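As C-alpha coordinates, the structure follows; a few thoughts come after it.
The values are calculated or read from the model by the stated rules, or taken from the named source; none is laboratory data. Owing to the predicted nature of the structure, the values given are computational and were not obtained by experimental measurement. Cβ sites come from the backbone with ideal geometry, for glycine too, and all protein chains shown count toward neighbours.
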Amino acid sequence: MAGSVVLVVGSGGREHSICKQLASSQLVSEIHCSPGNAGTLKFATNHSVSATDVAAMVELATSLGANLVVAGPEAPLCDGLADALSAVNIPCFGPVAKLAHLEGSKLHAKQVMRIAGVPTADFHVLDNDSDIDAALDDFSANPWVVKRDVLAGGKGVVVTSDRAEAKTFITSSIASDGKVLLENFLPGEEASMLVIMDGTDFVTLPCSQDHKRAYDGDLGPNTGGMGAYCPAPVITEQVHQRAIERIVEPMHKYLSSQETPYRGVLFVGLMITKSGDPNVVEFNVRFGDPECQITLPLVSSDLYTLLYSAATDGLHEQETTFHNKQALTVVLTAEGYPASPVKGRLITGLSEETIHTSEGDMWINFAGVGLDENGDYISTGGRVLSCSALAETLEDAKNLAYQLISKIELEGSHYRTDIGHRAL
Ligand code: AMP
Ligand code: GLY
(Lines give C-alpha, C1' and ligand atoms only; values in the text may rest on other atoms or scores of the structure.)
(Ligands and ions follow the chains in the order given, each with its own letter.)
Protein backbone atom coordinates (compact mmCIF):
# COMPACT_ATOMS: atom_id res chain seq x y z
CA MET A 1 0.00 0.00 0.00
CA ALA A 2 3.01 2.34 0.38
CA GLY A 3 3.13 5.07 -2.27
CA SER A 4 -0.64 5.39 -2.41
CA VAL A 5 -2.45 8.14 -4.26
CA VAL A 6 -5.61 9.52 -2.67
CA LEU A 7 -8.24 11.86 -4.09
CA VAL A 8 -10.37 13.68 -1.51
CA VAL A 9 -13.67 15.07 -2.84
CA GLY A 10 -15.01 18.32 -1.37
CA SER A 11 -14.00 21.78 -0.26
CA GLY A 12 -14.80 22.34 3.42
CA GLY A 13 -13.21 22.15 6.84
CA ARG A 14 -13.96 18.44 6.86
CA GLU A 15 -11.94 17.89 3.69
CA HIS A 16 -9.07 20.03 5.00
CA SER A 17 -9.10 17.82 8.07
CA ILE A 18 -9.10 14.58 6.02
CA CYS A 19 -6.21 15.81 3.83
CA LYS A 20 -4.23 16.91 6.87
CA GLN A 21 -4.66 13.59 8.65
CA LEU A 22 -3.80 11.60 5.51
CA ALA A 23 -0.62 13.66 5.16
CA SER A 24 0.77 12.04 8.29
CA SER A 25 0.34 8.55 6.85
CA GLN A 26 3.55 6.81 5.79
CA LEU A 27 1.52 4.94 3.19
CA VAL A 28 0.36 7.98 1.24
CA SER A 29 2.64 9.55 -1.34
CA GLU A 30 0.22 11.91 -3.09
CA ILE A 31 -2.91 13.66 -1.92
CA HIS A 32 -5.24 15.38 -4.35
CA CYS A 33 -8.36 17.34 -3.49
CA SER A 34 -11.15 18.60 -5.70
CA PRO A 35 -12.17 21.31 -5.58
CA GLY A 36 -10.43 21.88 -2.21
CA ASN A 37 -9.75 25.24 -0.58
CA ALA A 38 -6.83 27.36 0.59
CA GLY A 39 -6.29 24.90 3.46
CA THR A 40 -6.30 21.62 1.53
CA LEU A 41 -3.68 23.28 -0.69
CA LYS A 42 -1.17 22.86 2.15
CA PHE A 43 -1.37 19.08 1.96
CA ALA A 44 -2.83 18.30 -1.42
CA THR A 45 -2.83 19.32 -5.05
CA ASN A 46 -6.16 21.06 -5.66
CA HIS A 47 -8.12 20.40 -8.85
CA SER A 48 -11.00 22.32 -10.35
CA VAL A 49 -13.58 19.53 -10.75
CA SER A 50 -16.73 20.32 -8.79
CA ALA A 51 -17.65 17.84 -6.05
CA THR A 52 -21.00 17.19 -7.72
CA ASP A 53 -19.65 16.45 -11.22
CA VAL A 54 -19.48 12.68 -10.84
CA ALA A 55 -18.34 11.86 -14.38
CA ALA A 56 -15.51 14.40 -14.31
CA MET A 57 -14.46 13.28 -10.81
CA VAL A 58 -14.18 9.67 -11.98
CA GLU A 59 -12.13 10.85 -14.95
CA LEU A 60 -9.86 12.80 -12.60
CA ALA A 61 -9.43 9.81 -10.27
CA THR A 62 -8.56 7.62 -13.24
CA SER A 63 -6.06 10.08 -14.69
CA LEU A 64 -4.35 10.44 -11.30
CA GLY A 65 -4.13 6.68 -10.87
CA ALA A 66 -5.91 7.06 -7.53
CA ASN A 67 -5.74 4.07 -5.19
CA LEU A 68 -8.54 5.52 -3.09
CA VAL A 69 -11.19 8.21 -3.40
CA VAL A 70 -12.52 9.67 -0.15
CA ALA A 71 -15.91 11.33 -0.55
CA GLY A 72 -16.38 14.30 1.80
CA PRO A 73 -19.95 15.47 1.16
CA GLU A 74 -23.10 13.40 0.59
CA ALA A 75 -24.30 14.87 -2.72
CA PRO A 76 -21.85 13.05 -5.04
CA LEU A 77 -22.54 9.78 -3.19
CA CYS A 78 -26.29 10.21 -3.67
CA ASP A 79 -25.50 10.86 -7.34
CA GLY A 80 -23.58 7.59 -7.73
CA LEU A 81 -19.91 8.49 -7.23
CA ALA A 82 -19.09 5.19 -5.50
CA ASP A 83 -21.02 3.21 -8.15
CA ALA A 84 -19.16 4.94 -10.99
CA LEU A 85 -15.76 4.45 -9.32
CA SER A 86 -16.52 0.78 -8.74
CA ALA A 87 -17.13 0.40 -12.48
CA VAL A 88 -13.51 1.50 -13.08
CA ASN A 89 -12.16 -0.49 -10.13
CA ILE A 90 -11.21 2.45 -7.91
CA PRO A 91 -12.04 1.91 -4.22
CA CYS A 92 -14.26 4.60 -2.78
CA PHE A 93 -14.68 5.54 0.87
CA GLY A 94 -18.37 6.36 0.81
CA PRO A 95 -21.41 4.21 0.03
CA VAL A 96 -23.11 3.45 -3.30
CA ALA A 97 -26.11 5.61 -4.22
CA LYS A 98 -28.71 3.11 -3.04
CA LEU A 99 -27.27 3.21 0.48
CA ALA A 100 -26.42 6.93 0.39
CA HIS A 101 -30.18 7.28 0.13
CA LEU A 102 -30.18 6.88 3.93
CA GLU A 103 -29.24 10.55 4.02
CA GLY A 104 -30.87 11.53 0.72
CA SER A 105 -34.34 10.50 1.89
CA LYS A 106 -35.47 10.77 5.49
CA LEU A 107 -38.47 8.58 4.70
CA HIS A 108 -36.20 5.87 3.32
CA ALA A 109 -34.07 6.10 6.49
CA LYS A 110 -37.21 5.65 8.59
CA GLN A 111 -38.28 2.63 6.55
CA VAL A 112 -34.83 1.04 6.94
CA MET A 113 -34.91 1.69 10.69
CA ARG A 114 -38.29 -0.04 10.88
CA ILE A 115 -36.93 -3.07 9.01
CA ALA A 116 -33.78 -3.16 11.15
CA GLY A 117 -35.70 -2.54 14.40
CA VAL A 118 -33.71 0.57 15.28
CA PRO A 119 -35.24 3.02 17.81
CA THR A 120 -36.38 6.32 16.29
CA ALA A 121 -39.29 8.75 16.66
CA ASP A 122 -42.75 7.72 15.39
CA PHE A 123 -43.85 9.54 12.27
CA HIS A 124 -46.59 10.23 9.74
CA VAL A 125 -46.02 10.60 6.02
CA LEU A 126 -48.27 13.38 4.77
CA ASP A 127 -49.32 14.16 1.22
CA ASN A 128 -52.17 15.92 -0.59
CA ASP A 129 -54.66 13.29 0.58
CA SER A 130 -53.69 13.41 4.27
CA ASP A 131 -55.66 14.87 7.14
CA ILE A 132 -52.96 17.29 8.32
CA ASP A 133 -54.89 18.49 11.37
CA ALA A 134 -55.44 14.96 12.62
CA ALA A 135 -51.71 14.26 12.27
CA LEU A 136 -50.82 17.49 14.12
CA ASP A 137 -53.29 16.51 16.88
CA ASP A 138 -51.61 13.15 17.17
CA PHE A 139 -48.26 14.72 18.11
CA SER A 140 -49.56 17.81 19.90
CA ALA A 141 -48.07 17.03 23.31
CA ASN A 142 -44.67 18.42 22.23
CA PRO A 143 -43.28 20.74 19.57
CA TRP A 144 -43.89 19.50 16.03
CA VAL A 145 -40.99 18.20 13.97
CA VAL A 146 -41.52 18.54 10.22
CA LYS A 147 -38.94 17.11 7.80
CA ARG A 148 -38.75 17.48 4.05
CA ASP A 149 -37.87 14.27 2.26
CA VAL A 150 -35.12 15.81 0.11
CA LEU A 151 -31.48 16.84 0.51
CA ALA A 152 -32.11 20.39 1.70
CA GLY A 153 -28.63 21.44 2.84
CA GLY A 154 -29.62 21.59 6.51
CA LYS A 155 -32.75 23.66 5.82
CA GLY A 156 -35.24 20.83 5.53
CA VAL A 157 -36.32 20.53 9.16
CA VAL A 158 -38.60 22.76 11.21
CA VAL A 159 -39.08 22.17 14.93
CA THR A 160 -41.81 24.44 16.27
CA SER A 161 -44.50 24.82 18.93
CA ASP A 162 -46.40 27.14 16.61
CA ARG A 163 -49.13 25.07 14.98
CA ALA A 164 -49.64 27.56 12.15
CA GLU A 165 -45.91 27.52 11.34
CA ALA A 166 -45.85 23.71 11.34
CA LYS A 167 -48.88 23.60 9.07
CA THR A 168 -47.46 26.17 6.65
CA PHE A 169 -44.19 24.23 6.35
CA ILE A 170 -46.10 20.98 5.84
CA THR A 171 -48.25 22.50 3.11
CA SER A 172 -45.35 24.15 1.27
CA SER A 173 -43.25 20.96 1.49
CA ILE A 174 -46.07 18.85 0.05
CA ALA A 175 -46.46 21.42 -2.73
CA SER A 176 -42.78 21.24 -3.66
CA ASP A 177 -41.89 17.60 -2.84
CA GLY A 178 -45.22 15.72 -2.98
CA LYS A 179 -44.90 14.52 0.61
CA VAL A 180 -43.41 15.41 3.99
CA LEU A 181 -42.67 13.71 7.33
CA LEU A 182 -44.20 14.75 10.62
CA GLU A 183 -42.22 13.25 13.51
CA ASN A 184 -42.89 12.81 17.15
CA PHE A 185 -40.61 15.13 19.16
CA LEU A 186 -37.93 13.32 21.16
CA PRO A 187 -36.72 15.19 24.24
CA GLY A 188 -33.12 14.61 25.21
CA GLU A 189 -29.52 15.45 24.45
CA GLU A 190 -28.02 15.09 20.98
CA ALA A 191 -24.70 13.48 20.13
CA SER A 192 -22.90 12.41 16.98
CA MET A 193 -21.59 8.90 16.52
CA LEU A 194 -19.34 8.20 13.55
CA VAL A 195 -19.15 4.55 12.57
CA ILE A 196 -16.75 3.35 9.88
CA MET A 197 -18.28 0.32 8.16
CA ASP A 198 -17.73 -2.20 5.44
CA GLY A 199 -19.22 -5.58 4.60
CA THR A 200 -17.06 -7.33 7.19
CA ASP A 201 -16.97 -5.18 10.31
CA PHE A 202 -17.46 -1.74 11.85
CA VAL A 203 -15.38 0.62 14.00
CA THR A 204 -17.00 3.30 16.15
CA LEU A 205 -14.98 6.49 16.49
CA PRO A 206 -15.16 8.47 19.76
CA CYS A 207 -18.56 10.19 20.00
CA SER A 208 -18.83 13.96 19.86
CA GLN A 209 -21.28 16.74 20.49
CA ASP A 210 -21.96 19.55 18.06
CA HIS A 211 -23.45 23.01 18.80
CA LYS A 212 -25.97 23.74 16.08
CA ARG A 213 -27.40 27.09 17.18
CA ALA A 214 -25.63 30.26 16.12
CA TYR A 215 -25.37 32.00 19.49
CA ASP A 216 -24.21 31.31 23.04
CA GLY A 217 -26.58 29.39 25.27
CA ASP A 218 -27.81 27.39 22.26
CA LEU A 219 -29.89 30.31 21.05
CA GLY A 220 -30.52 31.73 17.60
CA PRO A 221 -30.93 30.09 14.22
CA ASN A 222 -29.79 26.61 13.31
CA THR A 223 -26.45 26.37 11.53
CA GLY A 224 -24.25 23.68 10.03
CA GLY A 225 -22.43 23.56 13.37
CA MET A 226 -20.66 26.25 15.43
CA GLY A 227 -18.25 24.01 17.30
CA ALA A 228 -17.87 20.55 18.74
CA TYR A 229 -15.94 18.48 21.21
CA CYS A 230 -14.94 14.88 21.48
CA PRO A 231 -15.37 12.57 23.30
CA ALA A 232 -18.75 13.70 24.65
CA PRO A 233 -19.39 12.61 28.24
CA VAL A 234 -23.15 12.28 27.56
CA ILE A 235 -22.19 9.04 25.82
CA THR A 236 -21.43 7.05 28.92
CA GLU A 237 -20.22 3.49 28.60
CA GLN A 238 -23.79 2.28 29.13
CA VAL A 239 -25.27 4.59 26.49
CA HIS A 240 -22.50 3.55 24.11
CA GLN A 241 -23.21 -0.12 24.69
CA ARG A 242 -26.92 0.43 24.09
CA ALA A 243 -26.23 2.38 20.90
CA ILE A 244 -24.04 -0.43 19.60
CA GLU A 245 -26.57 -3.15 20.44
CA ARG A 246 -29.74 -1.34 19.41
CA ILE A 247 -28.53 0.77 16.50
CA VAL A 248 -25.09 0.03 15.09
CA GLU A 249 -25.22 -3.76 15.05
CA PRO A 250 -28.68 -4.02 13.46
CA MET A 251 -27.80 -1.30 10.91
CA HIS A 252 -24.53 -3.04 10.06
CA LYS A 253 -26.34 -6.34 9.69
CA TYR A 254 -28.89 -4.75 7.36
CA LEU A 255 -26.33 -2.75 5.35
CA SER A 256 -23.90 -5.62 4.91
CA SER A 257 -26.70 -7.86 3.65
CA GLN A 258 -27.28 -5.55 0.67
CA GLU A 259 -26.03 -6.36 -2.81
CA THR A 260 -23.13 -3.95 -2.27
CA PRO A 261 -22.32 -3.48 1.41
CA TYR A 262 -22.00 -0.06 3.01
CA ARG A 263 -18.39 1.09 2.69
CA GLY A 264 -17.71 4.40 4.36
CA VAL A 265 -18.74 6.28 7.46
CA LEU A 266 -22.26 6.21 8.84
CA PHE A 267 -22.96 9.34 10.88
CA VAL A 268 -25.57 8.43 13.47
CA GLY A 269 -27.29 11.50 14.91
CA LEU A 270 -28.45 10.38 18.35
CA MET A 271 -31.01 11.75 20.76
CA ILE A 272 -30.34 10.36 24.23
CA THR A 273 -33.32 10.37 26.57
CA LYS A 274 -33.07 11.15 30.29
CA SER A 275 -33.06 7.43 31.00
CA GLY A 276 -30.02 6.99 28.75
CA ASP A 277 -31.82 5.41 25.80
CA PRO A 278 -30.39 6.35 22.42
CA ASN A 279 -32.73 7.08 19.49
CA VAL A 280 -31.75 7.91 15.94
CA VAL A 281 -32.59 11.44 14.82
CA GLU A 282 -30.89 11.13 11.45
CA PHE A 283 -28.32 9.27 9.42
CA ASN A 284 -25.71 10.96 7.29
CA VAL A 285 -23.47 9.06 4.93
CA ARG A 286 -20.41 11.24 5.52
CA PHE A 287 -18.30 12.63 8.33
CA GLY A 288 -19.93 15.44 10.29
CA ASP A 289 -18.56 18.93 9.88
CA PRO A 290 -17.11 20.17 12.27
CA GLU A 291 -17.18 16.79 14.10
CA CYS A 292 -14.62 15.39 11.66
CA GLN A 293 -12.09 18.08 12.58
CA ILE A 294 -11.93 16.93 16.20
CA THR A 295 -12.57 13.20 15.74
CA LEU A 296 -9.93 12.24 13.18
CA PRO A 297 -7.08 13.71 15.28
CA LEU A 298 -8.07 11.26 18.02
CA VAL A 299 -7.33 8.31 15.75
CA SER A 300 -3.80 7.20 16.64
CA SER A 301 -3.53 4.38 14.09
CA ASP A 302 -3.02 5.08 10.39
CA LEU A 303 -5.99 6.88 8.79
CA TYR A 304 -5.24 5.74 5.25
CA THR A 305 -5.30 2.10 6.40
CA LEU A 306 -8.66 2.66 8.08
CA LEU A 307 -10.30 4.38 5.10
CA TYR A 308 -8.78 2.07 2.49
CA SER A 309 -9.79 -1.01 4.50
CA ALA A 310 -13.38 0.22 4.76
CA ALA A 311 -13.45 0.88 1.00
CA THR A 312 -12.23 -2.66 0.24
CA ASP A 313 -13.97 -4.81 2.88
CA GLY A 314 -10.80 -5.20 4.92
CA LEU A 315 -11.94 -3.73 8.24
CA HIS A 316 -12.07 -7.12 9.97
CA GLU A 317 -8.29 -7.37 9.56
CA GLN A 318 -7.52 -3.97 11.10
CA GLU A 319 -7.12 -2.69 14.59
CA THR A 320 -7.92 0.98 15.04
CA THR A 321 -6.54 2.78 18.08
CA PHE A 322 -7.30 6.15 19.63
CA HIS A 323 -5.54 8.82 21.71
CA ASN A 324 -6.88 9.09 25.20
CA LYS A 325 -7.25 12.87 24.88
CA GLN A 326 -9.93 15.53 24.49
CA ALA A 327 -10.44 17.69 21.42
CA LEU A 328 -12.49 20.82 20.92
CA THR A 329 -13.14 23.05 17.93
CA VAL A 330 -14.65 26.52 17.57
CA VAL A 331 -16.03 27.73 14.24
CA LEU A 332 -15.50 31.29 13.00
CA THR A 333 -18.40 32.48 10.87
CA ALA A 334 -18.78 35.40 8.49
CA GLU A 335 -20.93 38.46 9.23
CA GLY A 336 -24.57 37.63 8.44
CA TYR A 337 -24.18 33.85 8.80
CA PRO A 338 -26.32 31.76 8.47
CA ALA A 339 -28.91 33.92 6.66
CA SER A 340 -26.69 35.86 4.25
CA PRO A 341 -22.96 35.62 4.93
CA VAL A 342 -20.72 38.42 3.69
CA LYS A 343 -17.86 37.05 1.59
CA GLY A 344 -14.63 38.37 0.15
CA ARG A 345 -13.16 39.95 3.29
CA LEU A 346 -9.50 39.79 4.33
CA ILE A 347 -8.56 37.36 7.11
CA THR A 348 -5.46 38.15 9.16
CA GLY A 349 -3.78 36.92 12.33
CA LEU A 350 -3.46 33.33 11.16
CA SER A 351 -0.31 31.58 12.18
CA GLU A 352 0.87 29.62 9.13
CA GLU A 353 2.10 26.63 11.06
CA THR A 354 -1.34 25.92 12.55
CA ILE A 355 -2.68 25.53 9.01
CA HIS A 356 -0.08 23.48 7.28
CA THR A 357 1.65 21.22 9.77
CA SER A 358 0.14 17.83 10.33
CA GLU A 359 1.78 17.73 13.78
CA GLY A 360 0.89 19.68 16.89
CA ASP A 361 -1.96 20.04 19.33
CA MET A 362 -3.44 23.28 18.00
CA TRP A 363 -4.62 23.64 14.44
CA ILE A 364 -6.84 25.55 12.07
CA ASN A 365 -9.07 24.00 9.41
CA PHE A 366 -10.20 26.19 6.55
CA ALA A 367 -13.76 25.92 5.27
CA GLY A 368 -14.70 29.11 3.41
CA VAL A 369 -11.20 30.48 2.85
CA GLY A 370 -9.65 31.33 -0.49
CA LEU A 371 -6.71 33.35 -1.74
CA ASP A 372 -7.02 36.76 -3.40
CA GLU A 373 -4.81 37.96 -6.23
CA ASN A 374 -2.08 38.98 -3.73
CA GLY A 375 -2.06 35.56 -2.13
CA ASP A 376 -3.81 36.85 1.00
CA TYR A 377 -6.53 34.86 2.73
CA ILE A 378 -10.09 35.97 2.11
CA SER A 379 -13.44 34.63 3.27
CA THR A 380 -15.43 32.69 0.67
CA GLY A 381 -18.20 31.12 2.74
CA GLY A 382 -20.43 31.34 5.82
CA ARG A 383 -18.45 29.01 8.01
CA VAL A 384 -14.98 30.40 7.41
CA LEU A 385 -12.65 28.26 9.48
CA SER A 386 -12.39 26.40 12.74
CA CYS A 387 -9.76 26.51 15.46
CA SER A 388 -9.09 23.29 17.34
CA ALA A 389 -6.93 21.86 20.07
CA LEU A 390 -6.14 18.52 21.61
CA ALA A 391 -5.25 18.23 25.31
CA GLU A 392 -5.38 15.99 28.36
CA THR A 393 -8.54 17.72 29.57
CA LEU A 394 -11.46 19.32 27.77
CA GLU A 395 -10.85 22.53 29.69
CA ASP A 396 -7.29 22.76 28.37
CA ALA A 397 -8.42 21.95 24.84
CA LYS A 398 -11.03 24.68 25.11
CA ASN A 399 -8.54 27.27 26.37
CA LEU A 400 -6.08 26.47 23.58
CA ALA A 401 -8.72 26.56 20.84
CA TYR A 402 -10.01 29.94 22.10
CA GLN A 403 -6.42 31.27 22.31
CA LEU A 404 -6.04 30.44 18.64
CA ILE A 405 -9.34 31.95 17.47
CA SER A 406 -8.92 35.15 19.50
CA LYS A 407 -5.93 36.15 17.35
CA ILE A 408 -7.82 35.95 14.07
CA GLU A 409 -9.23 39.08 12.51
CA LEU A 410 -12.08 39.09 10.02
CA GLU A 411 -14.39 42.10 9.95
CA GLY A 412 -17.87 41.30 11.24
CA SER A 413 -17.03 37.71 12.10
CA HIS A 414 -18.54 35.81 15.00
CA TYR A 415 -17.86 32.75 17.10
CA ARG A 416 -19.58 31.19 20.09
CA THR A 417 -17.76 31.58 23.41
CA ASP A 418 -19.37 28.59 25.14
CA ILE A 419 -18.38 25.56 23.09
CA GLY A 420 -18.23 22.55 25.38
CA HIS A 421 -20.55 24.09 28.01
CA ARG A 422 -22.60 20.93 28.41
CA ALA A 423 -19.54 18.92 29.34
CA LEU A 424 -17.63 21.48 31.44
P1 AMP B 1 -32.19 16.36 11.21
O2 AMP B 1 -31.80 17.10 9.94
O3 AMP B 1 -33.10 15.22 10.97
O4 AMP B 1 -30.97 15.99 11.99
O5 AMP B 1 -32.91 17.43 12.13
C6 AMP B 1 -32.30 18.67 12.47
C7 AMP B 1 -32.42 18.92 13.96
O8 AMP B 1 -33.79 18.93 14.34
C9 AMP B 1 -31.76 17.85 14.82
O10 AMP B 1 -30.42 18.05 14.97
C11 AMP B 1 -32.55 17.99 16.10
O12 AMP B 1 -32.04 19.05 16.88
C13 AMP B 1 -33.92 18.36 15.64
N14 AMP B 1 -34.77 17.15 15.54
C15 AMP B 1 -34.93 16.37 14.46
N16 AMP B 1 -35.78 15.36 14.72
C17 AMP B 1 -36.18 15.50 15.99
C18 AMP B 1 -37.05 14.79 16.85
N19 AMP B 1 -37.74 13.72 16.43
N20 AMP B 1 -37.20 15.23 18.12
C21 AMP B 1 -36.55 16.32 18.56
N22 AMP B 1 -35.73 17.06 17.80
C23 AMP B 1 -35.53 16.66 16.53
N1 GLY C 1 -22.41 19.00 12.13
C2 GLY C 1 -23.52 18.25 11.68
C3 GLY C 1 -23.40 17.70 10.32
O4 GLY C 1 -22.33 17.63 9.75
O5 GLY C 1 -24.41 17.29 9.78
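Results, tabulated for the structure shown:
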{"item": "Residue within the stretch 295-303 that is assigned to a loop (DSSP other than H, G, I, E, B), charged (D, E, K, R) and away from ligand 1 (no atom under 16 Å from the Cβ) present", "result": "yes"}
{"item": "Checking ALA55 against (1) at negative phi; (2) surrounded by 19 or more Cβ atoms within 10 Å (Cβ to Cβ), the condition it does not meet", "result": "(2)"}
{"item": "Qualifying residue in the stretch 263-270 (condition: surrounded by fewer than 21 Cβ atoms within 10 Å (Cβ to Cβ) and in contact (Cβ under 8 Å) with a residue 60 or more places away in the chain)", "result": "yes"}
{"item": "When residues of the stretch 257-269 are limited to those that are under 16 Å from VAL112 (Cα atoms) and within 22 Å of the chain's Cα centre (by Cα), the one farthest from ligand 2 (Cβ to nearest atom)", "result": "PRO261"}
{"item": "Within the stretch 187-213, considering residues that are touching a Cys at 6+ places or on another chain (Cβ under 6 Å) and outside any loop (DSSP other than H, G, I, E, B), the one farthest from GLU319 (Cα to Cα)", "result": "ALA191"}
{"item": "Options ASP129, ASP137; residue that is part of a helix (DSSP H, G or I), among the charged types (D, E, K, R), surrounded by fewer than 13 Cβ atoms within 10 Å (Cβ to Cβ) and modelled with pLDDT of 95 or more", "result": "ASP137"}
{"item": "Hits in the stretch 351-365 (condition: of a type outside the set (Ser, Thr, Tyr) and either assigned to a loop (DSSP other than H, G, I, E, B) or crowded, with 21+ Cβ neighbours inside 10 Å (or both))", "result": "GLU352, ILE355, GLU359, GLY360, ASP361, TRP363, ILE364, ASN365"}
{"item": "Filtered residue count, the stretch 140-153, keeping only those that are under 17 Å from PRO187 (Cα atoms) and either part of a loop (DSSP other than H, G, I, E, B) or more than 14 Å from ligand 1 (Cβ to nearest atom) (or both)", "result": "4"}
{"item": "Output for the stretch 281-306, where each listed residue is more than 16 Å from ligand 2 (Cβ to nearest atom), among the hydrophobic types (A, V, I, L, M, F, W, C) and either buried (at least 21 other Cβ atoms within 10 Å of the Cβ) or free of Cβ contacts under 8 Å to residues at least 24 places away in the same chain (or both)", "result": "LEU303, LEU306"}
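Yes/no per residue for (1) in contact (Cβ under 8 Å) with a residue 40 or more places away in the chain; (2) within 14 Å of ligand 1 (Cβ to nearest atom); (3) within 30 Å of SER86 (Cβ to Cβ); (4) in a loop (DSSP other than H, G, I, E, B):
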residue	(1), (2), (3), (4)
PHE185	yes, yes, no, yes
GLY217	yes, no, no, yes
PRO233	yes, no, no, yes
HIS240	no, no, no, no
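Residues are listed down the side, and each one gets a yes or a no for (1) in contact (Cβ under 8 Å) with a residue 40 or more places away in the chain; (2) within 16 Å of ligand 2 (Cβ to nearest atom):
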residue	(1), (2)
PRO119	yes, no
LEU126	yes, no
ASP137	no, no
PRO143	yes, no
LYS147	yes, yes
VAL150	yes, yes
ARG163	no, no
THR171	no, no
ILE174	yes, no
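Each row is one residue, and each column tells you yes or no for (1) in contact (Cβ under 8 Å) with a residue 40 or more places away in the chain; (2) of a type outside the set (A, V, I, L, M).
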position: ALA61; (1), (2): yes, no
position: ALA66; (1), (2): yes, no
position: ALA75; (1), (2): yes, no
position: ALA84; (1), (2): no, no
position: ALA97; (1), (2): no, no
position: GLN111; (1), (2): no, yes
position: PHE123; (1), (2): yes, yes
